[in-house]
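Visitor: My questions will all concern the structure given below.
None of the figures in this text is laboratory data; all of them are computed from the coordinates on show. Quantities reported herein were computed from a predicted structural model and do not represent experimental measurements. Using ideal geometry, Cβ is built from the backbone for each residue, glycine included, and neighbour counts are taken over all protein chains shown.
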Amino acid sequence: MTQRHQISRHQTRALAGLALAASAALALTACSSAGGAGGDGATGAASGAGATTASSAQPRIAATYDGGVLVLDATTLETVADIELAGFNRVNPAGDGRHVLVSTEEGFQVLDTGAWTADGTSAESVHYTAEPELTDLVFEAPTPGHVVRHGDKTILFSDGTGDTTVFDTADLLDVSSTGELPATETISSPEAHHGVSIELEDGTLLTTIGDSESRVGVRALDASGEETARSEECPSVHGEGTTADEVAVFGCSDGVLLYDDGAFTKIAAADEYGRTGNAYVTDSSPVMLGDYNSDPDSEGYELTQLTMVDTAAASSQVLDLPDGVAYTWKGVGRTADDDALVLGTDGALHVLDVAAGSFGASYPVIEAWEGPAEWQDSHPSLSVVGDTAYVTDPASGSIHAVDVATGEVTATGDLGVAANEIAVVTG
């Protein structure tokens, strides 16, 4: 039986402090060159450093580049802060509408974007923004990997240990007043591996099975850590999501693995080798979209097909992109109406009607581009939030906001750097 154990706020804070003490040199390099951030840990309150009132919630974007992280106003795309940070760093929204988790050498470091929704102590809703700050709070995780947000939980996976860390997403909003990380639960894996976990609404934890050499499947654990089901029919398991009715999906090198109502179901790929490594899902649609590669000997990271999985019917089909168009794993986003956008190498956003299983309109946004030589290399990426699609263009050092309904570019930001990954928080 796998033990699921709680770590108190005090213990978690202590772990974070140990991680930072071991890397003081790196911590000293993190600073803001756009006005700086208040170091008193209270930037989100009305009395916090640099806090100002606003008429509504202010969405913001964190964008990594070689040497730091930019924080942008998501409406104007103007740079709010430029935070120096060495190394290859990845970013994921924490899920609370304000914070971003930055994958650094120590673990998942908390970036306060300064977006804030409302002061709950006021008789009327009052909104605030504040100066962004890369805090000294870190969820310890050697080789930090996937961040999953589902329900009211945020789930972190450490590739270096195989540990899964779970916390209540809303509790992260308290860090500005407490100066401490929220209470967490930690679940260990038998062996460290590049993996991922999801916690479902009933407390079931779905977590990958693997070691340093390979990954083979997924197991289900109940709230006490007892294993209730497993499948080892998902070689090279990678990519996860939940669709309508909380059906969980995982990508495999020969298809897709589903978990529903306590049991696993394997959906074989259309080809002997048909790898899905990333799942693009919504909570309201039973259809999962996944990237698809049917050539085990392919080089580079450009793809020309998608897999479309109907989780209700347990069936799948392969879709071809328009002729001459390719994409990468960073170029697919689901829309609020459960359709999808694909950022093609022709520089256009291609609209996929998921119900019909066919592509329709195309909206030119940036110049044509080629896929990266290595997956870590900067190349155009797409993030869809509400009615807006955000498209980065590393070649020109810019970012664009596009109206999903019309394809109109509504704003352009000059970053002055080649953005790599972006994370949008909605305030």
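Visitor: Do you know the relative contact order of region 333-427, to the nearest whole percent, from alpha carbon pairs under 8 angstrom that are 6+ apart?
Guide: Worked out over region 333-427, it gives 20 percent.
Visitor: Return TRP375, TRP369 ranked ascending by Cβ neighbour count within 10 Å, so the fewest neighbours appear first.
Guide: Going from least to most buried by this count: TRP375, TRP369.
Visitor: List residues of region 284-300, by number, whose backbone nitrogen lies under 17 Å from a label position 7 Å along Cα→C-beta of ALA268.
Guide: 294, by backbone N distance to the label point.
Visitor: Arrange the following residues from fewest to most other Cβ atoms within 10 Å of their Cβ: GLU367, GLU374.
Guide: Arranged by neighbour count, lowest to highest, GLU367, GLU374 become GLU374, GLU367.
Visitor: Test of understanding: express the Cα radius of gyration of region 333-427 as a ratio to 2.2 N^0.38 Å, with N the residue count.
Guide: 1.05
Visitor: Assign unit charges at the C-beta atoms only (+1 for Lys and Arg, -1 for Asp and Glu), then state the dipole size of region 333-427 relative to its Cα centre in Debye, rounded to the nearest 20.
Guide: 100 debye
Visitor: Shifting gears a bit: Given an 8 Å cut-off on Cα distances and at least 6 residues of separation, report the relative contact order of region 292-341 as a percent.
Guide: Taking the mean separation of contacting Cα pairs over the length of region 292-341, I get 28 percent.
Visitor: Please work out whether region 151-236 counts as rounded, prolate or oblate from its C-alpha gyration tensor, where a ≥ b ≥ c are the square roots of the eigenvalues and a/c under 1.5 means rounded, while otherwise a/b larger than b/c means prolate and anything else oblate?
Guide: prolate
Visitor: To the nearest 20 debye, what charge dipole does region 145-295 have about its Cα centre, counting +1 at the Cβ of each Lys and Arg and -1 at the Cβ of each Asp and Glu?
Guide: Here the size comes out at about 300 debye.
Visitor: Quick query: amide H of ARG90 versus all other amide H atoms, modeled in the peptide plane; which residues come in under 5 Å with a sequence gap of 5 or more or a different chain?
Guide: Those qualifying (amide H under 5 Å, at least 5 residues apart or on another chain) are SER103.
Visitor: What ranking of LYS153, LYS266 emerges when the number of other C-beta atoms within 10 Å of each C-beta is taken as an exposure proxy, fewest first?
Guide: Ranking LYS153, LYS266 by Cβ neighbours within 10 Å, fewest first, gives LYS266, LYS153.
Visitor: Taking the Cα centre of region 79-235 as origin, sum charge times position over the Cβ atoms of Lys and Arg (+1) and Asp and Glu (-1), and report the length of that vector in debye to the nearest 20.
Guide: Once rounded to the nearest 20, the dipole reads 400 debye.
Visitor: Assign one of three labels to region 296-366, namely rounded, prolate or oblate, based on the Cα gyration tensor with a ≥ b ≥ c the square roots of its eigenvalues; rounded applies when a/c is under 1.5, prolate when it is not and a/b is larger than b/c, and oblate otherwise.
Guide: Because a/c hits 1.5 or more and a/b fails to exceed b/c, region 296-366 counts as oblate.
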